[in-house]
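One structure below.
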Amino acid sequence: MARIDLDHIRHAYTADPRSEADYALKEVHHTFADGTACALLGPSGCGKTTLLNIISGLLRPSDGKVLFDGRDVTALSTEERNIAQVFQFPVVYDTMTVYQNLAFPLRNRGVPEAEVDTRVREIIDMIDLGGMADRRANRLTADSKQKIALGRGLVRSDVNAILFDEPLTVIDPHMKWMLRSQLKQLHRRVGFTMVYVTHDQTEALTFADVVVVMYEGEIVQIGTPAELFERPSHTFVGYFIGSPGMNVLPVKLDGTTARIGEVAVPLPAPVKIENGAKTELGIRPEYLSLGREGAPFAISKIEDIGRQKIVRGTLESHPVAVVVGEDGEIPADARLAFDPAGINIYADSWRVEPEARA
Amino acid sequence: MNKTLNNRAWFMVLPVLLLVAFNAIIPLMTVVNYSVQETFGNNLFFFEGFKWYEQVLTSSRFHASLTRQIIFTLVILAIEIPLGVAVALAMPRSGPWVPVCLVLMALPLLIPWNVVGAMWNIFALPDIGLLGYVINAIGIDYNFTRQPGSAWFTVVLMDVWHWTSLVVLLAYAGLRSIPDAYYQAARIDSASAWSVFRYIQLPKMRRVLTIAVLLRFIDSFMIYTEPFVLTGGGPGNTTTFLSIDLVKAALGEFNLGIAAAMSVIYFLMTLLACWCFYTLMTRGDEQ
């Protein structure tokens, strides 16, 4: 177990990076506290796997340092860093049994056989593969194989961190749920530092204490699932997290009022925006309501998704989605009301903190 | 959906049936036909039952060439498979040298078999051939047209040169199909280079190696052209393998019955060996 510090890390896959655009991973400076479950979330190609491989030591960053518990490990190889990694596709040693697979990392490190046996038996129970110890690993299903891969990480009691690279990609949907909750339980039990890469927001939000959202090689927000939902610090986070994503509308600010075309929306607090910046108002569909009061709203489509209805329409010709409860009434001539608590203001896509009320 | 029953569909199978009939079944049955009959020319044939089979199976000449054949096949398999795997492991995984290596490896496979024989014949001549001259120059008495040992050495060396590439290419294809994650996982588990080979590379290469062994077994069991050009089966009969012996019987001595019986026995042996081998190697996959 260890605290992981990323000290001004940058990475470019080209040999001689010149401009900012050459970097697949733009500057990352962050600390993962010891024992946290952290998720790196972002779309494909955002640099999250690059960052993971830098932590694991499979990649050496172009700039910056990686520290485990304050010790510089940037130059160390993967095995010297003493981490474990679970890959997208389950990696098991086909010709070995489940037991042998789990014993492999210990035996390679010359651990005495008696201790190997205790550890392996313990882990087999922990990952719920009891009774399969002597089965050949290649005969198992994908989710069991992935458990073995995880088990090979857990079996070493001294690992600094366990890294997951989209580990549930090849698992059936109904098994995903089970594995995810088992993983969460395991984390509570063993308390290893875990870093989990995924592009699936549900996975990230259910697994992690802290979610790092990445976009085009940059960290756009680090926060708890609630923070990401309530106060997305970048419009991308607003779109990416939540289903449907946050509504983002271009506005003109006038004191504590935001104007969307003809519509005036009162703000909870004044926001100061520099001149010339692109100003937008972000509000999640959950904070909008339909009724007889408010801005004129033209409904174009209603999607019933069971517990909720998603109402899509336009406000001053900007597309807007509204979430209405199961029994929520949708008036024929609906008007749209904004809940001030859910309003965030963005300048050039980044959130602006409202000024304290005078 | 209603399925219509239409027997005219059988005509669709006809081309394949004709092809297989003319290039496999009919020639094979002709041989079977010869193997149970005696002829004195004039297209007159007399039924002889299993006489030729008994003669072949009890002849010391057949036993000798079969023994030579089995030794030859085992020797070249024992050299070519490990050597091919070793070369494939040594080849770069990526970069500009990959195509260079692949072309170099493919070259021996592109040379016609009788040319290979002729090349090695000249190459190994003790007085003017580079190989033969060098071996004699370092003080070893070497003459493949007179000494059985030298002849065997040359035939085996020629086959290794000609066919190891095939094993290399197959093994390399097998190695390339292993995802990087396996190597990364092995590094994380601090596996030694030997463990990586034993527990990752070898199991992942199993299928292609099965094919490599099968192909090399069948091909070497049927080997004819190269040793025929190189040694002509000599000195004496020391490099007379099964197919050389078969051609001697059929065309040299015009013993059609004996030759046909030998062919059938030869065919059944190859078939049996391949079947056993294939069943053994694929048994694990089906469970």
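Of the residues making up the stretch B:35-93, those that are surrounded by fewer than 14 Cβ atoms within 10 Å (Cβ to Cβ), among the charged types (D, E, K, R) and over 30 Å from B:L209 (Cβ atoms) number 1. In the stretch A:59-68, the count of residues that are more than 14 Å from chain B (Cβ to nearest Cβ), farther than 18 Å from A:Y196 by Cβ, polar (S, T, N, Q) and in contact with a His (Cβ under 7 Å, 6 or more places away or on another chain) is one or more. For the stretch A:148-178, which positions are of a type in the set (A, V, I, L, M, F, W, C) and either closer than 15 Å to A:L129 by Cβ or in contact with a Leu (Cβ under 9 Å, 6 or more places away or on another chain) (or both)? Scanning the stretch A:148-178 gives A:I148, A:A149, A:L150, A:L154, A:V155, A:I162, A:L163, A:F164, A:L168, A:I171, A:M175, A:M178. Of the residues making up the stretch B:170-198, those that are more than 8 Å from every other protein chain (Cβ to nearest Cβ), without any contact (Cβ under 8 Å) to a residue 60 or more places away in the chain and among the aromatic types (F, W, Y) are B:Y183, B:W194. The set of residues in the stretch A:71-114 that are more than 26 Å from the chain's Cα centre (by Cα), outside any helix (DSSP H, G or I), facing another protein chain (nearest Cβ under 9 Å) and within 19 Å of A:A161 (Cα to Cα) comprises A:S77, A:R109. Quick one: count up the residues across the stretch A:45-56 that are at the interface with chain B (Cβ under 9 Å from one of its Cβ atoms) and touching a Lys or Arg at 6+ places or on another chain (Cβ under 9 Å). Result for the stretch A:45-56: 1.
Scanning the stretch A:239-266 for residues being free of Cβ contacts under 8 Å to residues at least 60 places away in the same chain, among the small types (G, A, S) and assigned to a strand (DSSP E or B) gives a total of 1. Only one of the listed residues (B:T270, B:T240) is β-branched (V, I, T), assigned to a helix (DSSP H, G or I) and within 23 Å of B:V160 (Cβ to Cβ). That residue is B:T270.
If B:T154 meets every condition in (1) more than 14 Å from chain A (Cβ to nearest Cβ); (2) out of contact with any Phe, Trp or Tyr (no Cβ under 6 Å at 6 or more places or on another chain); (3) assigned to a helix (DSSP H, G or I); (4) touching a residue at least 12 places away in the same chain (Cβ under 8 Å) apart from one, which number is that one? So B:T154 meets the others, but not (2). Determine if the stretch B:209-219 includes at least one residue that is over 30 Å from B:N43 (Cα atoms), outside the structural domain of B:Y53 (by TED's automatic domain parsing) and in contact with a His (Cβ under 9 Å, 6 or more places away or on another chain). No - not one qualifying residue is present in the stretch B:209-219.
Inspect all residues belonging to the stretch A:215-232 and state whether any of them is crowded, with 16+ Cβ neighbours inside 10 Å, without any contact (Cβ under 8 Å) to a residue 24 or more places away in the chain and not in a strand (DSSP E or B). Yes; the residues of the stretch A:215-232 include at least one that is crowded, with 16+ Cβ neighbours inside 10 Å, without any contact (Cβ under 8 Å) to a residue 24 or more places away in the chain and not in a strand (DSSP E or B).
The values are calculated or read from the model by the stated rules, or taken from the named source; none is laboratory data. Everything quoted here is computed from the prediction, not taken from an experiment. Every residue, glycine among them, receives a Cβ derived from its backbone with ideal geometry; neighbour counts consider all protein chains shown.
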